[in-house]
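Read-outs: derived from the displayed coordinates by stated rules, not from any lab. None of these values were measured; they are calculated from a predicted model. All Cβ positions, even for glycine, are placed from backbone atoms using ideal geometry, and neighbour counts span all protein chains on display.
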Amino acid sequence: MAQKTQKRPKRRKKRKIPAARRKQIALALSILAILMAAAIAAIIGRDRGAASVSRGIPQPDTVNVKVSDQVLEENQPEIELALLTPNPYSRPQLATDEITGIVIHYVGNPGSSAMANRDYFEGLKSGANETYASSHFIVGLEGEIVQCIPTAEVAYASNDRNHDTIAIEVCHPDKDGKFSDVTYASLVHLTGWLCEYLEVQPSEIIRHYDVSGKKCPKYYVEHEDAWETFKQDVTGWVADHQ
Ligand SMILES: [Zn+2]
């Protein structure tokens with residue numbers, strides 16, 4: 001009953017803002033707008049500046065890796081197909097997820113050839129030493145490229161990143177792990193081409209070290225500048241082969 005007789009609360013009168021105060025608010029808002037416009041202009045200007053500074057040296061994120069099938073075909077390096085026999089230890093025939101990176105390794109066995117390393121992976125199929133290891137590609141001492149696993153299948157090379165990366169093992173003459181010039185040139189070519197083929201940005205090229213902390217590829221873990229140069233060389237290759 002009491003509810004019925006209760007009066008609705010009066011609506012509050014809208015408070016009128018005095019004209020002088022309104023002017024102040026309008027002034028503050030326009031100052032704010034000017035400041036924001038200036039900030040936006042500064043940010044755009046800075047980006048433009050950065051772009052002009054880096055002109056001539058393509059940055060990893062600015063390279064267009066999408067090329068036509070014709071360009072892809074023209075740019076393809078010579079690859080010797082020597083696929084491993086399907087087996088649980090080195091070619092499990094698991095489908096990869098979308099590829100979002102390329103992982104560079106060194107074989108860690110100075111003077112060994114690409115085919116010898118391929119044959120080592122093949123030998124794991126017996127399961128005798130219960131080792132799980134492989135790589136999609138191996139670049140040899142003469143620059144030759146051997147493919148062991150199709151790019152649509154997982155290789156056992158890069159720990160947590162096996163499912164979404166392509167692995168490249170690289171041969172080296174000495175135990176310091178530095179790649180010879182001919183091997184290096186071939187690796188740049190293969191990696192650059194794979195960036196185009198798989199639409200992976202050169203900025204997504206990593207070392208085994210970046211995945212697991214393993215000192216692989218040794219020389220390029222110990223020489224950060226050489227690793228940066230390699231990525232820059234791949235970026236340059238992609239920019240030159242569009
Ligand atoms: Zn490795």
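Quick notes
- Euclidean distance of C-alpha centroids, region 180-229 and region 119-169, integer Å: 16
- Two-site label geometry, Leu72 and Ala26: point separation in nm, points 7 Å out along Cα→Cβ: 6.2
- Of the residues Asn75, Val182, Tyr156, the one whose Cα sits farthest towards the positive end of the charge dipole of region 65-240 is Tyr156 (charges of +1 on Lys and Arg Cβ, -1 on Asp and Glu Cβ, taken about the Cα centre).
- Integer Hz, Karplus 6.51/-1.76/1.60 couplings in order for region 236-241, x for Gly and Pro: x, 4, 4, 4, 7, 10
- Looking at region 175-242, the trypsin sites (Lys or Arg not before Pro) that sit in a DSSP loop and have at most 13 other Cβ atoms within 10 Å of their own Cβ are Lys175.
- The gain in end-to-end length when the Ala116 to Glu80 segment is fully stretched comes to 11.6 nm, 0.36 nm per residue minus the alpha carbon separation.
- Think of each Lys and Arg Cβ as +1 and each Asp and Glu Cβ as -1; about the Cα centre, that makes the dipole of region 65-240 roughly 640 debye.
- With an a/c value of 1.5 or above and a/b not larger than b/c for the gyration tensor axes a ≥ b ≥ c computed over the alpha-carbon atoms, region 149-242 is described as oblate.
- Scoring 101-111, 120-130 by mean Cβ neighbours within 10 Å over their residues and listing the highest first yields 101-111, 120-130.
- Label separation (Lys125 vs Ala33): 7.4 nm, computed from points 7 Å beyond Cα along the C-beta direction.
- As computed over region 65-240, the Cα convex hull volume per residue (Å³): 105
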